[in-house]
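Taking it in order: structure first as structure tokens, then the write-up.
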Amino acid sequence: MSGDEARTARANLSWVFGPGRREVIQLIAEHGPAAAFDRLTAGEPDADLLRPEVRDRPGTFRDRLAVSTDAVADAQTRCRVVIPEDPDWPAGLTDVDAAGGYTPVCLWALGPAPLPQPATAVTITGTHTATAYGLWTAEELALGITVAGRTVVTTGAPGIDSTALRAAATCGNPVALLPCGLQQLYPAASISLYDRIAETGLLLTAWPPDARPTNRRWQANRRLLATVSAGTVVVESPARGAALATLRRAMRYGRLGMVVPGPVTSAMSEGCHRVLRADPQVRVVTSAADVLEDLTSAVLIGGV
């Protein structure tokens, strides 16, 4: 099978069935992407297998399939479809696959920057309800890490993530890893930032262009966020913050976990302080220099 055929087949699988269904991944492994697509669409698939945007569209499955394949052909003229067979496929995602986790059948990319690789990328994330202290710290970290030649990877979520993304875009080419399609960008407050990043950095997602952001997609996206970089830095997080789940997952995959401490009176740093007390492997960082030093040490001793 040619690279173009595999790319189109994976794009169709992503569009119709979503990015990481186990049944789809299994069929691809056994038969290849084109044969997997043919087998899955030969009859009427189980509705639970279909992506909601496809399942809920009116008409017969054949009608919905025709619309989907036409949409894939159009989307491929607007953005790049990256597949595991490509040499620049993010190496970190192979760890998800090895652990039997959530592995996208392809990625949808817009922008000229390279895809994130553990050797050069750093994830910065934190709470949506950040304090002034947290926003300032996220900005300083992102600037310092970017100036040092590393790629900042984060989402465009309000608070810590969008602040780090905006700061990195002022002096480098960050990667925005998104839980939605490239035609359903979220949140609206970050649209102008996304437009800028599409010109110099990279918008990257496991979801087809028409996919809306949902809670389940946010959770899945955080699993990807944890694996594509060498380490995750949490700037602020309450006790049960999603950023801490990203940190723990990153460490589970052998990545470096780093946390910025905050004021002891701040509820937005409570989660950071708890994880620092509970896990001696988590590193305290207070500057970009700390992050870079810890990442270098991890490489020298055989880590990421």
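We did not get these values from a lab; they are worked out from the coordinates using the rules stated. Everything numeric in this text was worked out from a predicted model, so none of it was measured. No Cβ is skipped: glycine too gets one built from the backbone with ideal geometry, and neighbour counts run over all protein chains shown.
Based on DSSP H runs of at least 4 residues, each adding -39500 (n - 2.57), what is the mean residue ellipticity at 222 nm of the chain after dividing by all its residues, to the nearest 500 deg cm²/dmol?
Numbers: 13 runs with 141 residues, N = 304.
One gets -14000 deg cm²/dmol as the mean residue ellipticity at 222 nm.
Would you please give the FRET efficiency between Arg277 and Ala47, computed as 1/(1 + (r/R0)^6) with r the Cβ-Cβ distance and R0 = 41 Å, to the nearest 0.05?
Details: r = 47 Å, r/R0 = 1.14.
The calculated FRET efficiency here is 0.30.
Using a Gaussian network model of the chain with C-alpha springs under 10 Å, which one of Ser162, Ser229, Ser192 is most mobile by mean-square fluctuation?
Ser192
Calculated FRET efficiency, Ala239 and Arg216, Cβ-Cβ r, R0 35 Å, to nearest 0.05?
Working: r = 23 Å, r/R0 = 0.65.
My answer for the efficiency is 0.95.
Stretch Arg252-Asp88 to full length: gain in nm at 0.36 nm per residue minus the Cα-Cα span? Before the final figure, lay out each step's value.
Numbers: separation 164, 0.36 × 164 = 59.04 nm, distance 2.35 nm.
Contour length minus Cα-Cα distance gives 56.7 nm.
Under 8 Å for C-alpha pairs, at least 6 residues apart: give me the relative contact order for segment 63-140, rounded to a whole percent.
Working: 37 pairs, mean separation 22.8, N = 78.
Normalised by residue count, the contact order of segment 63-140 is 29 percent.
Comparing Pro179, Pro261, Pro187, which has the greatest mean-square fluctuation in the GNM of the chain with Cα pairs linked when under 10 Å apart?
Pro187
Could you state the number of Å between the C-alpha centres of segment 88-158 and segment 216-244?
That distance is 10 Å.
For Glu293, Glu139, what ranking results if the residue with the fewest other Cβ atoms within 10 Å of its Cβ goes first? Before the final figure, lay out the partial values.
Values: Glu293 13, Glu139 19.
Arranged by neighbour count, lowest to highest, Glu293, Glu139 become Glu293, Glu139.
Once both labels are modelled 7 Å past Cα along the beta-carbon direction, what's the Glu293-Ala119 spacing in nm?
For the pair Glu293/Ala119, the computed spacing is 2.6 nm.
Taking R0 as 22 Å, what FRET efficiency do you get between Thr265 and His128 from their Cβ-Cβ distance, rounded to the nearest 0.05? It would help to have the intermediate numbers written out before the result.
On the way: r = 20 Å, r/R0 = 0.91.
So, using R0 = 22 Å, E works out to roughly 0.65.
Between segment 21-79 and segment 160-211, what is the separation of their alpha carbon centroids in Å?
26
If you plug each phi of segment 211-217 into the Karplus form 6.51 cos²θ - 1.76 cosθ + 1.60 with θ = phi - 60°, what whole-Hz ³J(HN,Hα) values come out, in order, with x for Gly and Pro?
With the stated coefficients, segment 211-217 comes to 6, 7, x, 10, 4, 5, 5 Hz.
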